[in-house]
Amino acid sequence: MNLVAIGAHQDDIEVSCLGTLLLHREQRHAAITHVTITNGELGGQATPAVPREAIAATRAREAQAVADAIGARYVCLGLPDMYLRDTDGARDLLVDVLREARADVVLAPPPSDYHLDHTTASRLAFHATLAAAVRSLVTDRPPLDRAPALFYTDAVAGLDWEPSVFVDITSVFERKLELIALHASQMDATRAVGGWDLVRYAEIGNAFRGLQSGVPYAEAFAPALAWPRVRARSIAALA
């Protein structure tokens, strides 16, 4: 199974669904592609004097380090941080990534979230999952045989979002925290603006979703309820 995880920024995937990616890598030997849509150049809130180009380069190295650690391919579309828009060009870039990855399942930010880049990335993923299988849409890559299933990840702080699928990540939770900490620039940035860091955020958020679903730590998702992005599951998958 080929799994593509989409984030607006370089640490979004790690916070929202890295545990699930680790499980899929271990249990299903899934091919995984990390996609960040923006270059993250405005992520230097702890170090505002550092040039934007240097911040973007640092964040790319951090994201690549995490992808390397789990054997994933890392792709950055390089669009502007804080000013992401749902354009034809951005959509086509993402379509080509999904086609090249031969995506079966896509994880993307939820339609409701705290940041315009996140909600725009969600919209781009919604369009691209359908367009990737449209045979009459010609891009640099051949179309998929069918549209991949689309699942939305948790909203930041779980606000204004009701997940319906919970994944027990307890067995890989400590590894998730180790890899999140590789985003050293954003550990500092979140301390500067929120008073917490990414590791603490994951500890609280994944414990809360675990409390809801009867396990120590969980990640939460919701399927995109739009044809043809929904997949029937066998009864064994419901246990």
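Throughout, read-outs are computed from the coordinates displayed, never taken from laboratory work. Note that the structure is predicted; figures quoted are calculated from it, not measured. Cβ atoms come from the backbone with ideal geometry, glycine included; neighbour counts cover every protein chain shown.
For segment 1-122, what D do you get in µm² per second when you plug the Kirkwood radius from alpha-carbon pairs into Stokes-Einstein at 37 °C and 0.692 mPa s?
Answer, rounded: 225 µm²/s.
If Lys and Arg each add +1 and Asp and Glu each add -1, what is the summed charge of the other residues whose beta carbon sits under 11 Å from the beta carbon of Arg209?
-3
Obtain the radius of gyration and the Kirkwood radius of segment 100-171 from its C-alpha atoms and give Rg over Rh.
Over the Cα atoms of segment 100-171, Rg/Rh equals 1.05.
Counting only helical runs of four or more DSSP H residues, what would the 222 nm mean residue ellipticity of the chain come to if each run contributes -39,500 (n - 2.57) and the total is spread over all its residues?
Dividing the helical sum by the residues of the chain leaves -13500 deg cm²/dmol.
Size of the dipole of the chain about the Cα centre, Lys and Arg at +1 and Asp and Glu at -1 on the beta carbon, nothing else charged, in debye to 20?
Taking the Cα centre of the chain as origin, the dipole is about 660 debye.
Show me the trypsin sites (Lys or Arg not before Pro) within segment 112-167 that DSSP assigns to loop and that have at most 16 other Cβ atoms within 10 Å of their Cβ.
Sites meeting the loop and neighbour criteria: Arg135, Arg146.
The chain: longest stretch without exposed chymotrypsin sites (Phe, Trp or Tyr not before Pro) (DSSP loop, at most 13 other Cβ within 10 Å), sites themselves excluded?
In the chain, the maximal stretch lacking such sites is 1-82.
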